[in-house]
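Input: a single structure, listed below in structure tokens.
Every read-out reported here was derived from the displayed coordinates using simple, explicitly stated rules and does not represent laboratory data. None of these values were measured; they are calculated from a predicted model. Reconstructed Cβ throughout: ideal geometry from the backbone, glycine too, with neighbour counts over all protein chains shown.
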Amino acid sequence: MDSIDTMILGANTYKMFVSYWPEATQEGAFGEKLNSLSKYVVSSTLEDAPWGKWEGAELISNKPMEAIAKLKQKSGKDIVVWGSLTLAESLMKDGLIDEYQLWVCPIVLGKGKPLFAGDSTLPLTLLEAKTYDAGMVLLRYQPDEKNK
């Protein structure tokens, strides 16, 4: 959380986050940091994106990939996209992702949508593999085109 200052969510992930995080006082410093991030929601259907007592999210509804490319040019810390698979796929397609952090948790859900789907391959370079006591693993990758 200390390396980011901005989060971008798709509309569905925004709805899940806003139903929990703005009032999640039991989450301590992590919750405080998450709630204080600059927030953007990519949506063509939402009219606003409030965030409880915290500053609401700014909607991006027109030319979202252009808007996100401009956000990346601003000074500041890193930008994170949580969940929001459709948004992530668009960001991948447009080459707007600088690093993938895949947190593998020891839980089998049995269904879901793959992150890297389709016929195309995405060449990645492993930057780090880190294990945690509870069995979780962090895998950090960088797209190969970012290495050139």
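Could you work out the local net charge near Leu9, counting Lys and Arg as +1, Asp and Glu as -1, over the other residues with Cβ closer than 10 Å to its Cβ? Please report the intermediate quantities before stating the final value.
Values: positive: Lys15, Lys39; negative: none.
The answer is +2.
Tell me the label only: which of (1) 16.8; (2) 16.1; (3) 15.3 is Kirkwood radius over Cα pairs in Å as calculated from this structure?
Correct label is (1).
Using only the Cα atoms of segment 1-80, build the gyration tensor, take square roots of its eigenvalues as a ≥ b ≥ c, and label the shape rounded, prolate or oblate: rounded if a/c is under 1.5, else prolate if a/b is larger than b/c, else oblate. Before the final figure, lay out each step's value.
Details: a/c = 2.47, a/b = 1.24, b/c = 1.99.
Oblate, because a/c is 1.5 or more while a/b does not exceed b/c.
How much net charge surrounds Leu46 when only the other residues with a Cβ under 15 Å from the Cβ of Leu46 are counted, with Lys and Arg +1 and Asp and Glu -1? Each step should come with its number before you reach the end.
Values: positive: Lys15, Lys39; negative: Glu47, Asp48, Glu58.
Taking every other residue near Leu46 into account, the sum is -1.
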